[in-house]
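Report on the structure given below.
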Amino acid sequence: IALADTVRPEAGDTVRALESAGISCMLLTGDNERAARSAASAAGIADVRADLLPEEKASVLKEYEDRGEPTCMIGDGVNDALALSSACAGIAMGGIGSDIAVESADAVLVSDEIKRLPYLFRLMRKVMRKVRTNIIASLLINASAVALSAAGALTPVTGALWHNFGSVFVVVNAALLLREKD
C-alpha cells in the first residue's frame, strides 16, 4: 500500500509565478523519496529533500540563512513547526494546519489558497520599498526642518507644521498600498 498527498491543482502555477519573481522553491518533506519526487514533479519543483525529520528541515533552512540567503517556509503540520519558527519568514496554512504550526509561523494563510503566495511576495516587496521611501523622506523632511530652524527661517509654529507635514506625507504614502489588489 502506498499513500501520498495530493498536489493542489494550482501548485504548478504558483511555483512558476514564484520562480518568475526570482524566488527559488524547494520541497522539504518527511515523506519518502518516491512520494516526494512525485509531488515535486507535479508542482514543478526541482529541488527536493525527502525523509527529513523536523530538525533536519530546520537545519536546511539554517544553512541557507548562514549563507545570507533569506528563507521562507510554508507548512501545515506539527512536523513543520520547528522549520516555520526557524525560517526568516514562516507561513502556516491555517485552515488545514495544526494549531502548533499556526502558532509557530509569522503569518497564516487563513483561506489556505497557495495561489495567493505570489501576490503576498509582490506586496511584501512593495511594502519594503514604501518603508525605505518613507524613512528617507522623513529623515530629509526633519533634516530640512533643523537646517531651516537653525537659519531662522522656521519659527516654532512653522517648524511644528513642517514636522506635521512630514508625518502626514508618510502616512498618506503608506496608505497608497491599500490600492494593491491580488
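Residues of the range 76-91 being under 18 Å from LEU53 (Cα atoms) and at pLDDT 90 or above, which ones?
Correct list: ASP80, ALA81, LEU82, ALA83, LEU84, SER85, SER86, ALA87, GLY90.
Report yes if some residue within the range 139-157 is surrounded by 11 or more Cβ atoms within 10 Å (Cβ to Cβ), in contact with a Leu (Cβ under 8 Å, 6 or more places away or on another chain) and not aliphatic (A, V, I, L, M); otherwise report no.
no
Take the range 3-24 and flag every residue that is among the aliphatic types (A, V, I, L, M), over 18 Å from MET73 (Cα atoms) and either touching an Asp or Glu at 6+ places or on another chain (Cβ under 8 Å) or at pLDDT 90 or above (or both).
ALA4, the sole residue that qualifies.
Determine which single condition SER98 fails, assuming it passes every other condition in (1) open to solvent by less than 40 Å² (accessible area, probe 1.4 Å); (2) touching a residue at least 24 places away in the same chain (Cβ under 8 Å); (3) of a type in the set (Ser, Thr, Tyr).
(2)
With respect to the numbered conditions (1) at pLDDT 90 or above; (2) of a type in the set (Gly, Ala, Ser); (3) surrounded by fewer than 16 Cβ atoms within 10 Å (Cβ to Cβ); (4) more than 17 Å from the chain's Cα centre (by Cα), which one is the sole condition not fulfilled by GLY68?
So GLY68 meets the others, but not (4).
Taking the range 132-166 only, how many residues are without any contact (Cβ under 8 Å) to a residue 12 or more places away in the chain and under 30 Å from PHE121 (Cα atoms)?
5
The values are calculated or read from the model by the stated rules, or taken from the named source; none is laboratory data. Bear in mind that the values here come from a model prediction, so they are computed numbers and not experimental data. Backbone-built Cβ (ideal geometry, glycine too); neighbour counts: all protein chains shown. Heads up: the accessible areas ignore ligands, DNA and RNA and are worked out on the full protein's heavy atoms, side chains in. Shrake-Rupley method; radii C 1.70, N 1.55, O 1.52, S 1.80 Å.
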